[in-house]
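Take a look at the structure set out below.
Laboratory data are not the source of any read-out in this text; all were calculated from the coordinates shown. Here the structure is a predicted model, which is why all the values come from computation and not from measurement. Cβ coordinates were reconstructed from backbone atoms using ideal geometry, including for glycine residues, and neighbour counts include every protein chain displayed.
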Amino acid sequence: MDGHRVGVDSIQRILKTLSAKGVEYVTLYAFSTENWNRPAEEVAGILEILQQALRVQTEALHENNVRIVHIGKQDRISHQLQDEVAYAEGLTRNNTGITLNVAFDYGGRDEILEAVRKIIRDGIPEDQVDEALFRKYLFTGHSPDPDLIIRTGGEMRISNFLLWQSAYSEYFHTPTLWPDLDSEELEQVLEAYSTRQRRFGRVEPEE
């Protein structure tokens with residue numbers, strides 16, 4: 001639980017660093033659809049920490065012109081936590097600074113299935129379903145696809161994160177744990193990203 005608390009406390013520092021570098025959208029993977037399978041005591045603790053963080057940090061994030069958006073499901077969280085999420089989103093809806101997507105009860109496969117269900121419910125004809133339309137039905141329809149995904153803690157897997165959106169994202173793996181990710185390392189990550197060539201499947205012409 002202490003690690004989760006410190007991780008939450010890192011959010012404002014991380015956003016300050018990224019905002020200063022011109023980053024406009026950040027998505028934090030707070031709790032996956034699979035995390036419900038963790039011990040009940042840990043799940044309850046994480047939910048409590050999230051609720052406390054929303055209550056304590058929303059005002060500060062609002063003052064810093066941050067827009068907060070929840071991506072994922074809400075039907076498995078308490079009504080009180082749903083109210084906290086709704087308040088945070090409503091208060092910051094018109095902010096024009098960095099957009100913070102909080103991925104909570106989020107899973108990439110679940111997101112894709114939910115998008116398909118919505119398209120079917122809306123009666124969209126088959127010949128009108130293309131990538132542009134499909135992405136509007138994703139939880140991240142308000143955001144561009146991520147340019148860079150940072151995987152902390154030395155993990156080498158995607159973990160069901162932004163499966164559709166990350167098709168051409170650049171990945172950066174670091175052994176540093178999320179609570180220990182500081183501004184200096186973030187700047188190094190962004191510097192490394194700036195040197196990569198992004199071809200999106202194309203072949204660069206020879207000089």
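Observations on the structure shown:
- Summarising the amide proton neighbourhood of R151: residues at separation of 5 or more, or on other chains, whose placed amide H is nearer than 5 Å comprise F172, H173, T174.
- For the stretch 86-127, Kirkwood radius (reciprocal of mean inverse C-alpha pair distance, Å): 13.1
- Over all pairs of different C-alpha atoms in the stretch 1-122, the reciprocal of the mean inverse distance, the Kirkwood hydrodynamic radius, equals 15.3 Å.
- Between N35 and Q188, full extension at 0.36 nm per residue minus the direct alpha carbon distance yields a gain of 52.1 nm.
- Loop-resident GluC sites (Glu not before Pro) (DSSP state other than H, G, I, E or B) in the stretch 113-173 with no more than 16 further Cβ atoms inside 10 Å of their Cβ: E155.
- Each residue, K118 and Q197, gets one label point 7 Å from its Cα in the Cβ direction; the gap between the two is 3.8 nm.
- Residues in the stretch 178-192 carry Karplus couplings, in order, of 3, x, 9, 5, 9, 4, 4, 5, 4, 5, 5, 4, 5, 5, 5 Hz; the curve used is 6.51 cos²θ - 1.76 cosθ + 1.60 with θ = phi - 60°, and Gly or Pro positions show x.
- Options A86, Q12, G153, ranked by Cα towards positive dipole end of the chain, top entry (Cβ charges): A86
- One decimal place: the segment R135-N94 gains 12.5 nm when fully extended, by the rule 0.36 nm per residue minus the C-alpha distance.
- Cα convex hull of the chain, projected area averaged across orientations, nm²: 14.0
- FRET efficiency estimate (nearest 0.05) - Cβ-Cβ, V6 to V43, R0 25 angstrom: 0.85
- Summed side-chain charge close to S169 - residues other than S169 whose Cβ falls under 13 Å, Lys, Arg +1, Asp, Glu -1: 0
- Less than 5 angstrom separates the built amide H of I71 from those of V102, A103, F104, all sequence-distant by 5 or more or on a different chain.
- Stretching the chain fully between Q82 and S169 yields a gain of 28.2 nm (0.36 nm per residue, less the alpha carbon separation).
- Residues with amide H under 5 Å from that of L162, placed H, sequence gap 5 or more: G108
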